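K.L.:
Sending over a structure as structure tokens; questions will come in a sec.
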Amino acid sequence: VISVAARPIDTVAGRHGAVAVFHDITERKRVETELRGFAGVVAHDLKAPLTLVSAYAELVAEALADLAGGAGAPTLEQARRGTAKVLHGAGRMQRLINELLDYTAARDATLRVERLSLRALVDDVVVTRTDAPDEEPDARPDVFVGPLPEVCADPVLLRQVIDNLVGNAIKYTPPGRAARIDITARTEEDGEVRVRIADRGIGIPDGEHAAVFDSFHRASNGTAHPGTGLGLAICRRIVERHGGHIDAGPNPGGGTIFSFTLPGVAAGIRTENRGSSKD
Ligand code: ADP
């Protein structure tokens with residue numbers, strides 16, 4: 001508000017002028033915060049793996065030189081480990097770049113709404129997520145899926161929302177047999193469908209639930225797990241473009257419940273095939 005007073009406000013526009021300026025400043029602050037977050041992520045999540053990739057690629061090159069007859073080079077075992085680090089670093093950078101692209105696409109891609117089976121989409125995500133070959137089967141939480149209605153949504157973008165939420169529920173649930181994830185939905189009186197994803201994981205500390213939807217924001221207890229803080233910002237953009245709302249709260253049994261709304265089959269026509277909405 002102090003900034004509003006410091007800027008000249010068109011007196012003819014009166015109250016509406018003040019509102020417009022205020023909106024402009026809020027938007028500028030949001031962009032500035034976003035850029036700061038972006039710079040931090042680039043510095044940490046791209047620069048660190050890139051340094052690793054360069055250092056280990058060099059080591060591998062030296063080992064190969066040794067194979068060709070050079071002296072004092074690292075052993076083949078060191079070269080093998082170095083190659084694994086190179087692949088790991090490259091994977092981290094690839095994931096971050098994909099998330100940054102998804103983040104932009106979530107705002108700019110044309111919304112192609114169609115009537116679709118939420119059940120088929122959720123099942124597909126769950127199978128893909130729980131069939132990951134590089135994890136111990138016993139370490140994964142069980143996922144229970146309740147009856148799910150049809151919805152009107154963009155299948156590609158909605159898949160991203162569900163994939164991010166299910167992926168987080170798995171990632172933030174420590175390994176153990178008691179852990180389970182429940183995915184349920186119900187059609188509300190106004191025809192909207194409310195989808196809930198409840199986990200029994202590490203939970204989000206009190207007072208931090210709303211902030212996890214901000215871009216690059218990570219909860220204070222979650223930083224031991226790899227992540228960028230972009231997934232939930234992507235989810236919020238996509239859900240809001242469908243005219244819905246997403247929030248998070250504590251699961252009374254421990255863990256977190258994410259809940260979001262989508263147009264049901266009767267309401268879908270209103271959100272059909274809209275262009276991009278800049279937020
Ligand atoms: P990322 O997981 O890449 O950090 P997200 O935007 O998906 O980014 O999530 C933001 C933050 O919200 C996470 O860093 C984590 O602290 C918290 N969070 C998200 N999902 C869960 C969950 N299911 N349980 C506990 N914390 C979560």
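K.L.:
Taking S259 as the residue in question, decide whether it is under 18 Å from V161 (Cβ atoms), at pLDDT below 95 and either under 17 Å from the mean Cα position of the chain (by Cα) or within 8 Å of the ligand (Cβ to nearest atom) (or both).
P.N.:
Working: under 18 Å from V161 (Cβ atoms): yes; at pLDDT below 95: no; either under 17 Å from the mean Cα position of the chain (by Cα) or within 8 Å of the ligand (Cβ to nearest atom) (or both): yes.
When the stated conditions are applied, S259 does not pass them.
K.L.:
Something else now. Applying the selection to the stretch 206-234, what residues are near the ligand (Cβ under 6 Å from one of its atoms) and of a type in the set (S, T, N, Q)?
P.N.:
Within the stretch 206-234, T228 is the sole residue that qualifies.
K.L.:
I need the full set of residues from the stretch 164-197 which are β-branched (V, I, T), within 15 Å of D247 (Cα to Cα) and either at pLDDT below 95 or near the ligand (Cβ under 10 Å from one of its atoms) (or both), in order please.
P.N.:
Selection gives V166, I197.
K.L.:
Hey, any hits in the stretch 266-277 for a residue that's modelled with pLDDT under 95, within 16 Å of the ligand (Cβ to nearest atom) and not in a helix (DSSP H, G or I)?
P.N.:
Within the stretch 266-277, none of the residues are modelled with pLDDT under 95, within 16 Å of the ligand (Cβ to nearest atom) and not in a helix (DSSP H, G or I).
K.L.:
Residue by residue through the stretch 162-185, note down the ones that are of a type in the set (A, V, I, L, M) and either more than 20 Å from the chain's Cα centre (by Cα) or exposed (fewer than 15 other Cβ atoms within 10 Å of the Cβ) (or both).
P.N.:
Once the filter is applied, which keeps residues that are of a type in the set (A, V, I, L, M) and either more than 20 Å from the chain's Cα centre (by Cα) or exposed (fewer than 15 other Cβ atoms within 10 Å of the Cβ) (or both), the stretch 162-185 yields A178, A179, A185.
K.L.:
Now for a different question. For the stretch 25-41, give me each residue that is among the aliphatic types (A, V, I, L, M) and exposed (fewer than 13 other Cβ atoms within 10 Å of the Cβ).
P.N.:
Matches in the stretch 25-41: V31, L35, A39.
K.L.:
Could you identify the single residue in R200, R237, R241 that is buried (at least 17 other Cβ atoms within 10 Å of the Cβ) and within 11 Å of the ligand (Cβ to nearest atom)?
P.N.:
R200
K.L.:
Taking the stretch 170-190, which residues are closer than 16 Å to D142 by Cα, touching a residue at least 40 places away in the same chain (Cβ under 8 Å) and of a type outside the set (S, T, N, Q)?
P.N.:
First, pick out the residues of the stretch 170-190 that are closer than 16 Å to D142 by Cα: 170-184.
Subset that is touching a residue at least 40 places away in the same chain (Cβ under 8 Å): 170-173, 181, 183.
Of everything in the stretch 170-190, those that are closer than 16 Å to D142 by Cα, touching a residue at least 40 places away in the same chain (Cβ under 8 Å) and of a type outside the set (S, T, N, Q) turn out to be I170, K171, Y172, I181, I183.
K.L.:
Pull out all pairs, ordered by first then second residue, where Cβ-Cβ is under 9 Å, the residues are six or more apart or on different chains, the first lies in the stretch 202-226 and is within 25 Å of E32 (Cα to Cα), and the second is among the β-branched types (V, I, T) and more than 8 Å from the ligand (Cβ to nearest atom).
P.N.:
F213/I246; D214/T33; S215/T33; F216/T33; F216/V41
K.L.:
Any residue at all in the stretch 85-101 that is exposed (fewer than 13 other Cβ atoms within 10 Å of the Cβ), closer than 19 Å to R200 by Cα, modelled with pLDDT under 90 and not basic (K, R)?
P.N.:
no
K.L.:
Run down L158, L148 and say which single residue is within 17 Å of the chain's Cα centre (by Cα) and either at negative phi or away from the ligand (no atom under 13 Å from the Cβ) (or both). Break it down stepwise before answering.
P.N.:
Values: L148 fails: within 17 Å of the chain's Cα centre (by Cα).
The conditions single out L158.
K.L.:
Just wondering, is there one or more residues in the stretch 65-77 that are loosely packed, with under 15 Cβ neighbours inside 10 Å, without any contact (Cβ under 8 Å) to a residue 12 or more places away in the chain and at positive phi?
P.N.:
Within the stretch 65-77, one or more residues are loosely packed, with under 15 Cβ neighbours inside 10 Å, without any contact (Cβ under 8 Å) to a residue 12 or more places away in the chain and at positive phi.
The values are calculated or read from the model by the stated rules, or taken from the named source; none is laboratory data. Note that this is a predicted model, so its numbers are computed, not measured. Virtual Cβ from ideal backbone geometry, glycine too; neighbours counted across all protein chains shown.
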